[in-house]
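**Student:** Here it is: the structure, laid out below.
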Amino acid sequence: MTSRASSSTAYSEASGKLNNVDLYAVIGNPVAHSSSPLIHAAFARQTGQGMRYEAILAPEDAFAANVESFAQRGGKGLNVTVPFKLEACKLAHRLTERAEAAQAVNTLAFGHDGILGDNTDGAGLVGDIASNLQFPLQAARILLMGAGGAARGALLPLLQQRPRMLTIVNRTRSRANELQERFCSYGAVMSCDYADLQGQQFDLVINSTSASLKGELPPALPPGIFARGALAYDMMYGIGLTPFLQFAQEQGAARFVNGLGMLVEQAAESFFVWRGIRPKTAPVIEMLRSRTT
Ligand code: NDP
């Protein structure tokens, strides 16, 4: 069974348009917490695009059926969130290079030539760090904590910025090793255990583990891990500092930032894939920030 968060009126099954607007949605489970409808509504208003954006709660075993029914209603594009990013990758007929590398898809675009799968998470992360935060990634020593879907999406866009070294550390070492092997042709990347971090320093430490979601800290990083001027970035966002950002503050990181900017930037990248227009992200980040402080 599918539930759509927004109500639908006078919807034309044949054209996929409601009062001449194109239909988009975010699909996930859970999905009620998603800020994507709010963000895309703001982008559409700002750019004058005729769009309607829904939230679709799909049962875990019915992702493909829900995508199919959305496409039959004339839907033009989907954002895909937990736990469907891998399934979306298999479902797409064509993949962008970054989706192919990540083997995970967060954006589907429906066209006459089939379904395009893209992954905008990493571009969103890099956009937030490099443009919004003005943090130089070139030649930086980067530590990426975690080796799940978000880490996979981030690796290619991060390596394209030519850091001095990107080190992946993960609780389950084998997953970090797999990513290191898959991405080593794109740049300087290595993998290690948390215990191997003793005595090392990084300019940028990114928490892409889901530990913050449970209010937990990932395994403790050794003292002195943050280099002078270091940025601590938690992909997780919400109210107040996450446990990882609190730790970073105590350990002397110069800046500590949550993933709200990444969320808006990845949405803007999806919007561009669908509409060919880049919305301004700063006012939308500001709007969301004012709701979470
Ligand atoms: P996954 O479930 O795919 O991966 C989770 C990762 O976290 C794994 O590497 C896992 O390690 C690690 N992990 C979980 N708990 C702990 C712990 N207690 N200590 C150490 N490591 C732990 O999740 P995703 O990659 O999809 O998401 C990760 C985070 O990124 C989430 O907080 C999510 O909200 C955020 N995110 C934010 C986005 C944004 O736009 N801001 C976009 C996408 C994700 P192991 O392999 O050992 O299990």
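The values are calculated or read from the model by the stated rules, or taken from the named source; none is laboratory data. Here the structure is a predicted model, which is why all the values come from computation and not from measurement. Methodologically, a virtual Cβ is constructed for each residue, glycine included, from the backbone with ideal geometry; neighbour enumeration extends over all protein chains shown. The accessibility values were calculated without ligands, DNA or RNA, using every heavy atom of the protein model including side chains. Shrake-Rupley method; radii C 1.70, N 1.55, O 1.52, S 1.80 Å.
**Student:** Measuring with a 1.4 Å probe in the full set of protein chains, what accessible area per residue, in whole Å², belongs to segment 81-196?
**Tutor:** 43
**Student:** Mind giving me the nanometre distance, one decimal, between the label points for residue 239 and residue 72, set 7 Å out from Cα along Cα→Cβ?
**Tutor:** Taking the simple label geometry, residue 239 and residue 72 are separated by 4.2 nm.
**Student:** How large is the accessible surface of residue 189 in square angstrom, using a 1.4 angstrom probe and rounding to the nearest 10?
**Tutor:** Counting only protein heavy atoms, residue 189 exposes about 10 Å² to solvent.
**Student:** Given a 1.4 Å probe and the protein chains all in place, what does the accessible area of residue 61 round to, in Å² to the nearest 10?
**Tutor:** 140
**Student:** Same structure, new question: Express in % the proportion of alpha carbon pairs of segment 122-261 at distances exceeding 26 Å.
**Tutor:** 12
**Student:** Rank 192, 184 by accessible area, highest first, at a 1.4 Å probe radius?
**Tutor:** Reading off the accessible areas and sorting them downward yields 184, 192.
**Student:** At a 1.4 Å probe, what is the % contribution of carbon and sulfur to the accessible area of segment 161-293?
**Tutor:** 49
**Student:** Sticking with this one: Any number yet on Rg/Rh for segment 235-293, C-alpha, Kirkwood?
**Tutor:** When Rh is taken as the Kirkwood radius, the ratio is 1.08.
**Student:** What's the whole-number percent of alpha carbon pairs in the chain lying beyond 22 angstrom?
**Tutor:** Roughly 58 percent, once rounded to a whole number.
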